[in-house]
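S.K.: I am attaching a structure below and will ask some questions about it afterwards.
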Amino acid sequence: MIRFEHVTKRYADGTTAVDDLSFEVAEGELVTLVGPSGCGKTTTMKMVNRLVEPTEGRVSLDGEDVSTVDPVRLRRRIGYVIQQVGLFPHKTVLDNTATVPHLLGASRAESRARAAELLDLVGLDPKTYGGRYPEQLSGGQRQRVGVARALAADPPVLLMDEPFGAVDPVVREHLQNEFLRLQAQVRKTVLLVTHDLEEAVRLGDRIAVYGQGRIEQFDTPATVLGAP
Ligand code: ADP
Ligand code: ADP
């Protein structure tokens, strides 16, 4: 479903962020990208939704070279969740979540119904939280809205960059568990970046362990943990 073939990214200043990367992620698979800061995880992820263009090699989605797909159309197929989700501050939680379905052509009533369903799915009661504004939520609750919004276009692919990085460890574990429950229902193809090996192991069907600009190991959690 997602395929990298000999992908290299050199930034304008000469930094080689990713060096000759090849791997595949199957449909419905959750792959975690783990490694220290600066090893190329975010760059890898952003080449999937064309926020970054590869210098060499090819990234494809469902067999289609992403460099030939219109970025707007591409982003409808790819939900994106970052560490500090940018919610619209002047919109309620419900409207933040309803914006995407509405932009995609659903009526206002349909969009709001869909948004309420999504909030429920991520564990936020729409009756309690739907009318609040982002500043009235905790960090963990804002992340949930970010996940709900990323799911709103029902994209087959989710890119998540340190989605639980900005919350304290107890909340993080809670969000991780909820996310696993959610993923069991929605079965998206997921790339999730983390610098935390424990998180990578807990969430990943497979784990890509990064060294500098390269994937050094790409395997199941059991194999990664059992490796000498
Ligand atoms: P990670 O997500 O693992 O922290 P990144 O993909 O963000 O790593 O960065 C990989 C390398 O590329 C780092 O050396 C980083 O400084 C560099 N880098 C990232 N973005 C840019 C950019 N826009 N211009 C130049 N160098 C960059
Ligand atoms: P804002 O905080 O301005 O409301 P967003 O939170 O929607 O904006 O987006 C933050 C950044 O991420 C923007 O640069 C936007 O273009 C980008 N972005 C948002 N959604 C996606 C997506 N699905 N795929 C790729 N990039 C996205």
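S.K.: State the antiparallel share, in %, of DSSP beta bridges confined to the chain, rounding to the nearest 5. Provide the component values of the computation, followed by the final result.
M.R.: Details: 18 of 36 bridges.
Around 50 percent antiparallel, to the nearest 5.
S.K.: Please work out whether the range 170-228 counts as rounded, prolate or oblate from its C-alpha gyration tensor, where a ≥ b ≥ c are the square roots of the eigenvalues and a/c under 1.5 means rounded, while otherwise a/b larger than b/c means prolate and anything else oblate? Mind dumping the intermediate values first?
M.R.: Details: a/c = 1.87, a/b = 1.68, b/c = 1.11.
Judged from the Cα gyration tensor, the range 170-228 comes out prolate (a/c at least 1.5, a/b above b/c).
S.K.: Now for a separate question. Residues of the range 49-66 with backbone nitrogen within less than 17 Å of a virtual label 7 Å along the Cα-to-Cβ line of Arg10, please, listed as ranges.
M.R.: 53-58
S.K.: Still on this structure, I have one more. Starting at 0 and stepping by 5 Å, how many percent of the alpha carbon pairs of the chain end up in each bin?
M.R.: Reading upward from the zero bin: 1, 7, 14, 18, 19, 16, 12, 8, 4, 1, 0, 0.
S.K.: Follow-up question, since we're still on this one. Give me the one-decimal nm value for the distance between modelled label points at Val170 and Glu135, 7 Å along each residue's Cα-to-Cβ direction.
M.R.: For the pair Val170/Glu135, the computed spacing is 2.7 nm.
S.K.: May I ask for the Kirkwood hydrodynamic radius of the range 1-134, worked out over all distinct Cα pairs and given in angstroms to one decimal?
M.R.: Working: mean 1/r = 0.0585 Å⁻¹.
It works out to 17.1 Å.
S.K.: Based on DSSP H runs of at least 4 residues, each adding -39500 (n - 2.57), what is the mean residue ellipticity at 222 nm of the chain after dividing by all its residues, to the nearest 500 deg cm²/dmol? Kindly include the intermediate steps, with their values, before the conclusion.
M.R.: Details: 9 runs with 86 residues, N = 228.
About -11000 deg cm²/dmol.
S.K.: If you roll a 1.4 Å probe over the chain with all protein chains in place, what percent of the accessible area is carbon or sulfur?
M.R.: 49 percent
S.K.: Using Cα pairs under 8 angstrom and six or more residues apart, how large is the relative contact order of the chain, in percent? Let's see the in-between values first.
M.R.: Details: 442 pairs, mean separation 65.7, N = 228.
Over the chain, the number comes to 29 percent.
S.K.: In nm, what is the difference between 0.36 nm times the number of residues separating Thr68 and Asn177 and their Cα-Cα distance? Provide the component values of the computation, followed by the final result.
M.R.: Numbers: separation 109, 0.36 × 109 = 39.24 nm, distance 3.66 nm.
Taking Thr68 through Asn177 to full extension adds about 35.6 nm, to one decimal.
S.K.: Sort the range 97-167 into rounded, prolate or oblate with this rule: let a ≥ b ≥ c be the square roots of the eigenvalues of the Cα gyration tensor; rounded if a/c is under 1.5, and if a/c is not under 1.5, prolate when a/b is larger than b/c, oblate otherwise. List each step's numbers first, then the result.
M.R.: Details: a/c = 2.18, a/b = 1.23, b/c = 1.77.
The shape class here is oblate.
S.K.: Moving to a separate point now. Report, in debye and to the nearest 20, how large the dipole of the chain comes out about its Cα centre when Lys and Arg carry +1 and Asp and Glu carry -1 on their Cβ.
M.R.: Values: 27 positive and 31 negative charges, 166 e Å.
My answer is approximately 800 debye.
S.K.: Can you order the peptides 115-128, 173-186, 29-42 by their average number of other Cβ atoms within 10 Å per residue, highest first? If you can, show how the numbers build up before the last one.
M.R.: On the way: 115-128: 18.1, 173-186: 15.1, 29-42: 19.9.
Going from most to least packed, we get 29-42, 115-128, 173-186.
S.K.: Quick one: 3J(HN,Hα) in Hz for the range 56-73, Karplus 6.51/-1.76/1.60 with θ = phi - 60°, rounded, Gly and Pro as x.
M.R.: Karplus values, whole Hz, x for Gly and Pro: 9, x, 9, 10, 10, 10, 6, x, 9, 4, 5, 5, 9, 9, 4, x, 5, 5.
S.K.: With no solvent and one point on each alpha carbon, what is the Debye value of log10 I(q)/I(0) for the range 142-187 at q = 0.20, 0.21, 0.32 Å⁻¹?
M.R.: -0.67, -0.73, -1.39
S.K.: Still on this structure: Taking the C-alpha atoms of the range 52-98, how large are the radius of gyration and the largest Cα-Cα span, Dmax, in Å?
M.R.: According to the Cα coordinates of the range 52-98, Rg and Dmax are 14.8, 43 Å.
S.K.: Moving to a separate point now. Between Ala26 and Leu103, what is the spin-label point distance in nm, taking each point 7 Å from the Cα along the Cα→C-beta axis?
M.R.: It works out to 3.3 nm between the two label points.
S.K.: While we're here: What accessible area per residue, rounded to a whole number of Å², is obtained for the chain using a probe radius of 1.4 Å? Mind showing how you got there, number by number?
M.R.: On the way: 10780 Å² over 228 residues.
Accessible area per residue, the chain: 47 Å².
S.K.: To continue, here is another question. Report, ordered by chain and residue number, the lysines lying within cross-link reach of Lys127, taken as a straight Cα distance under 29 Å and ignoring same-chain residues fewer than 8 apart.
M.R.: Reachable lysines: Lys91, Lys188.
The values are calculated or read from the model by the stated rules, or taken from the named source; none is laboratory data. What you see is a predicted model, and the numbers here were worked out from it, not measured in a lab. Reconstructed Cβ throughout: ideal geometry from the backbone, glycine too, with neighbour counts over all protein chains shown. Surface areas here come from the heavy atoms of the whole protein model, side chains and all, with no ligands, DNA or RNA. Shrake-Rupley method; radii C 1.70, N 1.55, O 1.52, S 1.80 Å.
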